[in-house]
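Notes to accompany the following structure.
Read the figures in this text as sums done on the coordinates, not as results from a lab. Keep in mind that what you see is a predicted model, and the values were worked out from it rather than measured. Here the Cβ positions follow ideal geometry from the backbone for every residue, glycine too, while neighbour counts run over all protein chains shown.
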């Protein structure tokens, strides 16, 4: 092997071009980490939103809760079916809910507005949400125009902050609490009392969906069958994970766009790396000729220049990953195309995302460095030794 | 493998070399034969383009003859594949270049160590060999210096140490004093002579300098790709 210090010192020797290449590849890795982290964050939000023992019941044909309508009387009948779990006090863990979409201005100048999901929930509704807890303020009281929301929504929408008043169908609702729901899609919503929301939106007697907790997967299957097969209901029941899987189209778009951008940028970076390495090979022709004359094989010279290219790109990869880390956990939003509302989620740079970024850097190094390295090995020793 | 007589280290038989330039055949060496016994110090002179460096490259196996046979240390070079030739070179040859050809980013020690990286020697054994080689060329106190921190003469000494460190049977020197002032050139020639006399290294040296050629046992004159053997005294008389 040609000693690795030969490569490291050669890179240091022409530090300006090395640094530029490192920054260039670093920038690409940074952008790719962001794109992958975004997709991963979205996946995470939708993945943890579902508990297989929680069922969502909607009208047949509805693609989401926002376009599902169930009459209150039908909702009550479902309540009586076998398989619904109960809490310690014997209350059925069954929540009939009303979901409306409210166009609300975003905070910040020229931020525009987005559709916000407002969910009317009976008191039991909070019990059927895994990980639900109030982290600031208090719960909304039944019968009052009070609402609670997540920290992210409070930050993103006008009137959604703690103590502020949010307009829902022209009725002001005071935000009295901030809740967490394990980072799930519920954190992209504003919750208020079911009856109060029904009055405010003039939708008394109407429900959007039912949220039901069951005790076992068997109960889930039985109950789902029972609901789906009863023609009178005209309803369908799905488990939460299935529901959110169906909603993941928003994530698909981000993933496809993100990956396409990452691939295009990576190809661009490969050309930059190739350019740097071609220059390196050209300027060191005599050194290459000497190595070959001394007895280093073509393969060894190839490996040496590939290694140099790889070192360059791994340094860029490290710069890109380190540069992206401060954004880990930073939240953002996207349109949920199933509900036409805003879905908030955070960048997540887990090991998988960072591994993908390192893989990109390795690809840049190997493919970008391959052709210059091959050129180095193809040089005729006699000609290479003549280069000044 | 063909075994030649042990006393003959380098054997060329009817070797010709042609290059193609712009679709025109340019003959460089024509039907040349040559024997160099082990332990000999040979100088090769001749005008530019006479084929001196080509001869050296052919003996080193970094170029291939168009026709003819080249045998070095009993090995027919024509028979060897590119990779075998590369390996063979690392064991049998030491190369000394006009422009020293040191790796600018490696220290004197590391430059001399390079050929040893192709051997199974341990790190400690390599270090011993490198120190010995640098001591022979008189640069024990410059081991950690980079080429840019050395004079031309010192750089060439490092290059000679690198050529020497594998203990090769044959040293090939292409204008080793061509880039040095008179004093440094004399020192390098002293060193080559010492390597030939004390360490019994066979040396083929291409040079333009008659004073350099005088150090050799024998001078070969190349004219248009053909050898003309000349007595050194006759050369001196000719000035």
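For chain A, set up a GNM with springs between Cα atoms under 10 Å and report which of A:231, A:240, A:136 has the largest fluctuation. Sorting by GNM fluctuation, first place goes to A:231. For A:319, A:128, the sequence from fewest to most other C-beta atoms within 10 Å is A:319, A:128.
Cα axis of helix B:182-197 to longest principal axis of chain B: angle in degrees, 0 to 90, nearest 10? With rounding to tens, the tilt is 80 degrees. In chain A, the DSSP-assigned H stretches of four residues or longer account for a calculated mean residue ellipticity at 222 nm of -16500 deg cm²/dmol, using -39500 (n - 2.57) per stretch and the full residue count as denominator. Summarising the overall dimensions of the stretch A:162-242 from its C-alpha atoms, the Rg and Dmax are 16.7, 46 angstrom.
Of the three principal axes defined by the Cα atoms of the stretch A:198-306, the extents in descending order read 88, 38, 21 Å. Note that the protein assembly as shown shows a convex hull volume over its alpha carbon atoms of 239 Å³ per residue. Whole-percent P(r), the stretch B:8-237, all Cα pairs, 10 Å bins from 0: 8, 32, 36, 20, 4, 0. Listed by Cβ neighbour count within 10 Å, with the fewest neighbours leading, A:43, B:167 appear as B:167, A:43. Of all DSSP beta bridges confined to chain B, the antiparallel ones make up roughly 55%. Pairwise inverse Cα distances across the stretch A:84-233, averaged and inverted, put the Kirkwood hydrodynamic radius at 16.3 Å. Going by neighbour counts of Cβ atoms within 10 Å, the residues A:273, A:294, A:206 line up, fewest first, as A:206, A:294, A:273.
Taking label points 7 Å from Cα along the Cα-to-Cβ direction, residue B:83 and residue A:91 give a separation of 7.7 nm.
Taking label points 7 Å from Cα along the Cα-to-Cβ direction, residue A:215 and residue B:19 give a separation of 9.3 nm.
Taken residue by residue and averaged, Cβ atoms of other chains lying within 10 Å of the Cβ of B:76-83 number 1.
Here is how the number arises for chain B: DSSP H runs of 4 or more residues each give -39500 (n - 2.57), the sum is divided by the residue count, and the result at 222 nm is -10000 deg cm²/dmol. Is the C-alpha gyration tensor of the stretch B:120-188 telling us rounded, prolate or oblate? Criteria: a/c under 1.5 is rounded; beyond that, a/b larger than b/c is prolate, otherwise oblate. Note, shape of the stretch B:120-188 comes out oblate.
Principal-axis analysis of the Cα atoms of chain B puts helix B:123-136 at an angle of about 70° to the longest axis.
Could you work out the relative contact order of chain B? I mean the mean sequence separation of Cα pairs under 8 Å and 6+ apart, divided by the number of residues, in percent. It rounds to 27 percent for chain B. By DSSP, the beta bridges lying fully in the protein assembly as shown are antiparallel in about 70 percent of cases. Among A:15, A:30, A:191, the residue with the largest mean-square fluctuation in a Gaussian network model of chain A, with springs joining Cα atoms closer than 10 Å, is A:15.
Against the longest alpha carbon principal axis of chain A, how many degrees, from 0 to 90 and to the nearest 10, is the axis of helix A:285-294 turned? Once rounded, one gets 70 degrees.
Between A:89, A:293, A:303, the residue with the greatest mean-square fluctuation in the GNM of chain A (Cα pairs under 10 Å linked by springs) is A:89.
The alpha carbon gyration tensor of the stretch B:46-110 gives principal lengths a ≥ b ≥ c with a/c of 1.5 or higher and a/b no greater than b/c, which makes the shape oblate.
With both labels modelled 7 Å from their Cα along Cα-to-Cβ, the residue A:133 to residue B:208 distance reads 8.6 nm. Note on B:116-126: average number of Cβ atoms from other chains within 10 Å of each residue's Cβ is 1. Working from Cα pairs under 8 Å separated by at least six residues, relative contact order for the stretch A:72-167 is 20 percent.
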